[in-house]
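Structure first, commentary second.
The values are calculated or read from the model by the stated rules, or taken from the named source; none is laboratory data. Everything numeric here is computed off the predicted structure, so don't read it as measured data. When we count neighbours, we look across all protein chains shown, and the Cβ atoms used for this are built from the backbone with ideal geometry, even at glycine.
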Amino acid sequence: MRTAAGVMLIDLGIGPRVTAQRMDGTGVGVADVQAVCLTHLDSDHFRPMWASTLVKRGIRVFVHRERVQHLLGLVCPEIAPELARLVVPFHVGDFEPLSGVRCSPLMLAHDRTGSHAFVVEARDGETGAGRRLGYATDLGHVPGPLLDAFGDLDVLAIESNYDPQMQLASPRPFFLKNRIMGGSGHLSNQQALDAVRALMDRAARAGRRLPEHVVLLHRSRQCNCPKIVHALFSRDARIAPRLTLTDQYARTEWLRPREVAPAAGEQLTIAFA
């Protein structure tokens, strides 16, 4: 996320070298990153190889207070004390990872230790104009508080992890299928669609704006297909023109307000991972 105060990343699921390659040509780089917010510490959301880069560049890391020791235990003992000085624990209240950027965490059920969704609001210090992002991945079901928190968004980013038929037909062991589909693993395409529709219905009833962008995250390569996802979500005429599918192996275009034209020479790409 690029703001007037700097660049913030949500999760570090790919290493710093690959992240730098993905950012190349976007107008920002790893040197511009000033803060990282971690949803949880699964290996596809935090790579310990980031520790030296975080320390070298003085990048603050925001993580839930119950995960701090786990985080420090994942990195080399020699660098853990230096990283500890950059770790900022959050709990249930809002925090400010960057100047003018407010982040509201929401606990999610995911495996044994849980995960966190975020509502990120960035405001311009001079005009007061703000933009709101709702970001939720690795949630086995959609809790009511998430629907309450994800109102009046500019960008809605939510996981659409698997197609149930592909999941069941896959060679994955039964325990893994059960974990993913059991209510505390991941959202299916239909569950994600139901959540997006529910949020749009709520907005319409309240007379609020709809999100300008609906971004689908964390798609399984083994148990999902972009054509299936796109066809399913595009059945809703409200969603189709707003839809963006991300890919863990490719970067996604910059998402901007619809009324804002690209800057001259700007590359419309960014690492969204």
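Working only within the stretch 66-97, note down all residues that are touching a residue at least 24 places away in the same chain (Cβ under 8 Å), over 23 Å from the mean Cα position of the chain (by Cα) and assigned to a loop (DSSP other than H, G, I, E, B). Once the filter is applied, which keeps residues that are touching a residue at least 24 places away in the same chain (Cβ under 8 Å), over 23 Å from the mean Cα position of the chain (by Cα) and assigned to a loop (DSSP other than H, G, I, E, B), the stretch 66-97 yields Cys76, Ile79.
Collect the residues in the stretch 69-83 that are over 15 Å from Ser43 (Cα atoms) and either among the aliphatic types (A, V, I, L, M) or in contact with an Asp or Glu (Cβ under 6 Å, 6 or more places away or on another chain) (or both), keeping them in residue-number order.
Listed by number, the residues that qualify are Ile79, Ala80, Leu83.
Evaluation of Val7 against the conditions (1) in a strand (DSSP E or B); (2) in contact (Cβ under 8 Å) with a residue 60 or more places away in the chain shows that the sole unmet condition is (2). Among the residues of the stretch 133-183, the one identified as farther than 30 Å from Val101 by Cα and in a strand (DSSP E or B) is Tyr162. Number of residues in the stretch 238-249 that are out of contact with any helix residue (DSSP H, G or I) (no Cβ under 8 Å at 6 or more places or on another chain) and either in contact (Cβ under 8 Å) with a residue 12 or more places away in the chain or not in a helix (DSSP H, G or I) (or both) equals 5.
Being of a type in the set (Lys, Arg), buried (at least 16 other Cβ atoms within 10 Å of the Cβ) and either part of a loop (DSSP other than H, G, I, E, B) or modelled with pLDDT of 95 or more (or both) narrows it down to one of Arg208, Arg219, Arg235, Arg197, so name that one.
On the way: Arg208 fails: buried (at least 16 other Cβ atoms within 10 Å of the Cβ); Arg235 fails: buried (at least 16 other Cβ atoms within 10 Å of the Cβ); Arg197 fails: buried (at least 16 other Cβ atoms within 10 Å of the Cβ).
The conditions single out Arg219.
Among the residues in the stretch 183-192, are any under 22 Å from Ser115 (Cα atoms) and over 18 Å from the mean Cα position of the chain (by Cα)? Yes: one or more hits.
Looking at Glu96, Glu78, which is the one that is farther than 22 Å from Gly130 by Cβ and surrounded by fewer than 17 Cβ atoms within 10 Å (Cβ to Cβ)? Spell out the reasoning first.
On the way: Glu96 fails: farther than 22 Å from Gly130 by Cβ.
Checking each option against the conditions leaves just Glu78.
Within the stretch 238-248, the residues that satisfy the criterion of being of a type outside the set (Val, Ile, Thr) and surrounded by fewer than 19 Cβ atoms within 10 Å (Cβ to Cβ) are Arg238, Ala240, Pro241, Leu243, Leu245, Asp247, Gln248.
Selection within the stretch 17-75: residues that are within 27 Å of Arg221 (Cβ to Cβ) and hydroxyl-bearing (Ser, Thr, Tyr). The member of this set that is surrounded by the most Cβ atoms within 10 Å (Cβ to Cβ) is Thr39.
What number of residues in the stretch 163-197 are hydroxyl-bearing (Ser, Thr, Tyr) and either under 26 Å from Met1 (Cβ atoms) or touching an Asp or Glu at 6+ places or on another chain (Cβ under 8 Å) (or both)?
Residues of the stretch 163-197 that are hydroxyl-bearing (Ser, Thr, Tyr), as a first pass: 170, 184, 188.
Still in the running and either under 26 Å from Met1 (Cβ atoms) or touching an Asp or Glu at 6+ places or on another chain (Cβ under 8 Å) (or both): 184, 188.
Looking only at that region, the number is 2.
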